[in-house]
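In what follows, a single structure is set out as structure tokens and then discussed.
The values are calculated or read from the model by the stated rules, or taken from the named source; none is laboratory data. If you're wondering where the values come from, they're calculated on a predicted model, not measured in any experiment. Cβ sites come from the backbone with ideal geometry, for glycine too, and all protein chains shown count toward neighbours.
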Amino acid sequence: MKNTSSRDSGFSLIEVLVAITLLMVGMLGILALLPVGMIDYHDAKMKSVESQMVDFVVKQCSTGSPYELTGHKFYFDQQGVLCSEKDYEYLITLSVNQVHGIPNNQLLTLQLKIIRKGSRNPTYQNTQLFKRT
């Protein structure tokens, strides 16, 4: 029969320390990526909300007379839902101009600005061509 000593079974202290160190380095690498992921998530969410607000304003232009909406202010909350002036988080201003040289005023430019509450500079600014139907 073989005589096995207690020295040959199990892991040594050095092996355990190396395994723990490698595990900690891997965990710290994953934790280092969390802030980057959170920033990207926040940016994507903001772009999605801005897109919803712009779509709403463009639909408003297509259902009525866009000229009536020039200078109109649209107020939205953090989720991009239309709200009152006192509860808003985002303000959209709109100006509509006719493209010169196009007959029957069929082509207009819409200039949209999204301004976050407490900010003077627009967080989003875009000029779009809009074809009246």
LYS86 of a type outside the set (A, V, I, L, M) and under 21 Å from GLN125 (Cα atoms): no
Scope region 117-133; condition in a loop (DSSP other than H, G, I, E, B), modelled with pLDDT of 75 or more and loosely packed, with under 15 Cβ neighbours inside 10 Å; matching residues: LYS117, GLY118, SER119, ARG120, ASN121, THR123
Neighbours by Cβ (under 6 Å, 6+ apart or cross-chain): first from region 57-85, of a type in the set (S, T, N, Q); second in a loop (DSSP other than H, G, I, E, B) and surrounded by 11 or more Cβ atoms within 10 Å (Cβ to Cβ): GLN78/GLU89
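Are there strands (runs of 3 or more DSSP E) fully within region 21-116 with at least 1 residues that are within 14 Å of GLN128 (Cβ to Cβ) and small (Gly, Ala, Ser)? List them.
Passing ranges, in order: 90-98.
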